[in-house]
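The values are calculated or read from the model by the stated rules, or taken from the named source; none is laboratory data. None of the values given here were measured: they were computed from a predicted structure. Every residue, glycine among them, receives a Cβ derived from its backbone with ideal geometry; neighbour counts consider all protein chains shown. Only protein heavy atoms, including side chains, enter the accessible area calculation; ligands, DNA and RNA are left aside. Shrake-Rupley method; radii C 1.70, N 1.55, O 1.52, S 1.80 Å.
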Amino acid sequence: MTKPLIVQVAVDKPLRQFFDYVWSSEKLGRDPVIGQLVEVPFGRGSLVGVVAKVSDHSSLDQDKLKAVTQLAPVPPLDPKLMQLMLFASTYYIQGLGETLIPSIPQYWKKPKNWPKQTLATLQKTVNSHGEGGKQIPVISKNAAGKGAILAAALNTEQADALTKLNNQKEISERGGVRATLLQGRTGSGKTAVFLNWLANILAEKNAQVLILVPEINLTPQLERSVRAHFPGHKLVVLHSALAEKKRGMAWYEAQIGQAQIILGTRLAVLTPIPHLKAIVVDEEHDTSYKQQEGTRYSARDLAVWRAHNLQIPIVLSSATPSLESWLAVRQGRYDLINLNRRAQGGAMPEVQLIDLKDKNNHSVGAKKIHLSRPLANAIDANLQQHQQSLVLINRRGYAPVLTCLSCGWLSKCSQCSAYLVLHKPGAITTKPVLSCHHCGLVKPVPRSCPDCGDVDLRPIGQGTQKIEDTLGLAWPSARILRIDADSSRRGRGAEEMMQVVHAGEVDIIIGTQMIAKGHDYQNISVVGVLDADARLYSHDFRAPERLFAQLVQVAGRAGRTDNAEKKSRIYIETRHPEVAVFQYLLQHDVDGFLAQLAAEREEAQLPPFTFQALIHAEGKMLNKVLAFLIQLKEEAMSHFGLEQQVKIYDPVAKLMVRIAGSERAQLVIESTHRNQLQLVLDQIDSLLREQSQGRISKKDKIRWSIERDPALI
């Protein structure tokens, strides 16, 4: 009698171990394979899991083991993807199931869907989504349409960059693969270069490529360019805003190798792509590539690891590279390809710093609005020339806080250490409301002060809605469009609004950072940045780097035209024009800024010259949360024999202490050696798990988590 097969299954629970189940090949129709998606009984219900190991024995009594219930009608995850998942779970201190299962689309995590999907029905569904035709790596300009640039249309600099990338592919085939940083000015045609490079990759039989973008709202524009450039190739898009079944089928098409081009946001880096031959990470510097909940991975870093593991080329593209990637080039770990001029020959926009301390810059008279005088005059002149203007203010809503002029009451959130933002009608509800942007609490605007009863309540500060109103009063005949998370959630979506902008049906665009990057506006000649100093006041040491990148990106929205005589300008309102961020921006000197930033970080021994991790903790009472972290530090210091290479700082409350009723604190652990930090974090994780049920401590019910390479400290 043959021994029954035992499989160890990883499930999405805050546990590091696998669970043993009996596998019946007769019932399930096949023998077990690592990577198979299965349904298993768990507690009083059932869970979806992935087979992690196969054996013929278990440390538990066989009669106590339950059997695998059913098998999903999808192929097993390929071995290389399982290696990536195992690395991610190890590096980011998570269980394999916690990392792997969330990467699978929700459609396939519902076993009730499985019986409906036979191979025949799956193929029919896939075919209904469109079929890939024969491969056409280069197409005619007329067929491509706007946005797709061919090798023949590349300028000399782009053509040289393409040649270097193609040579890199040849090097990788000899086993010398390295990441390549494609660094180029905004508007220099980086997208055209990497699309033409991918065309050569896709000429190979069965080849698949992965293109990552940082945000959902950047996907449609790049999708149009990719579809125009590759009309004979099957493209699928993967992001969280897709309908459940559509995303599930796109994931399946990538998994079976039918989709040749996979375009998606950060979660797409964990997609099964069995014939993956190249990866592009567009806007590689963007912080949206860092997951902020669950397994807090960096999609960019995992993409680099995946490429290295597969020995395939990867291109990191950006006008403002992250300091990590920029240093990797200087240290010889990455190759560099530069694009130093705009593809269409236009000049970079002229940068003008508007010192708000100078009263001559304040708006006056009929144009006394929430803009400085130079910016208001520039918009006025721009309107007369029938050119578009873009105004960036990184704060949605009408005003960040409501106050009482009599007693000083402020509209604080009852659940968070934040203020309720005033929103005018139409953004969230049909009436004015106060809304918390952290916990989502929405309250009606009080008719009088809750503390003293005075009816004289006034908004303080300004957001996109207030700027929209005041600009509408200043230029009543101008066509003004606000694009932010509120306006795109109600009525027209962000993509439809972008199309209106590209069609020239808007004179002034107002928005948050979602309009500042990646969009190829053709008629903007004036850009204004309001409240540019806000990030300078941040406690985060990465704030200047992020501000510089945002300003370079938004400046790059101007002057993207083939009319070389058309002048473009960016006006930045600031009270600190002397700081390095603005001074390097004046010269469009990205390398100079990053060099100074690197020197400052090295002197202060901050990342990327050291490696950091955070222990997050939250509970109902801050003193208990801090006590939990203090005890953890003491135990770590006494039990693990920490070397000088590892430093644990005292716990502190987070800057945003309270969110949704939970008090939050953190512990920073730092090391000059990545491996030494990994060792300590593994030990701390084991210690915490011994004292917890899942991720909640048994003593004071403190919820905890560990984060490697945090984006925010």
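A few notes on this one:
- A 1.4 Å probe, protein heavy atoms only, puts the accessible area of Cys407 near 70 Å².
- Heavy-atom accessible area order for Arg296, Arg44, Arg569, largest first, 1.4 Å probe: Arg44, Arg569, Arg296
- Rg and Dmax over the alpha-carbon atoms of the chain stand at 27.2, 95 Å.
- Fraction of antiparallel bridges per DSSP, the chain only, in percent to nearest 5: 55 percent
- Estimated dipole of the chain in Debye, rounded to 20 [Cβ of Lys and Arg +1, of Asp and Glu -1, Cα centre]: 1640 debye
- Dipole magnitude for the stretch 559-701: computed about the Cα centre from +1 point charges on Lys and Arg Cβ and -1 point charges on Asp and Glu Cβ, it is near 780 debye.
- Protection proxy ranking, highest mean first, for peptides 319-327, 47-55, 199-207: 319-327, 47-55, 199-207, where packing is the per-residue count of other beta-carbon atoms within 10 Å, averaged.
- Projecting the Cα atoms of Ala319, His275, Thr287 onto the charge dipole of the stretch 271-320 (Cβ charges, centred on the Cα centre) puts His275 farthest toward the positive pole.
- Cα gyration tensor, the stretch 181-268 - rounded (a/c under 1.5), prolate or oblate: oblate
- Exposure ranking of Asp61, Asp451, Asp301, Asp540 by accessible area [1.4 Å probe, largest first]: Asp451, Asp61, Asp301, Asp540
- Taking packing as the residue-averaged number of other Cβ atoms within 10 angstrom, the listed peptides 576-585, 81-90 run from highest to lowest as 81-90, 576-585.
- Each Cα pair of the stretch 8-90 feeds into the Kirkwood radius, which the Stokes-Einstein equation turns, at 25 °C and 0.890 mPa s, into a diffusion coefficient of 184 µm²/s.
- Distance from the alpha carbon centroid of the stretch 31-69 to that of the stretch 635-713 works out to 32 angstrom.
- His233 contributes an accessible area of around 20 Å² to the protein surface, as traced by a 1.4 Å probe with all chains present.
- For the set Thr430, Thr470, solvent exposure ranked by accessible area (probe 1.4 Å, protein chains only) runs largest to smallest as Thr430, Thr470.
- Added length on full extension, which subtracts the Cα-Cα distance from 0.36 nm per residue, Cys407 to Gln83: 110.6 nm
- For the pair Ser417 and Lys110, the difference between a 0.36 nm per residue extended length and the Cα-Cα distance amounts to 106.8 nm.
- Members of Lys359/Lys567; Lys624/Lys698; Lys190/Lys277; Lys53/Lys245; Lys13/Lys443; Lys66/Lys112 lying beyond 24 Å, as alpha-carbon distances in this model show: Lys359/Lys567; Lys53/Lys245; Lys13/Lys443
- Furthest towards positive pole of dipole, His576, Ala399, Leu182, structure part the chain, Cβ charges: Ala399
- Length added when fully stretched, Arg30-Thr90, from 0.36 nm per residue minus Cα-Cα: 18.6 nm
- Computed over the stretch 616-713, Kirkwood Rh from alpha-carbon pairs, angstrom: 13.8 Å
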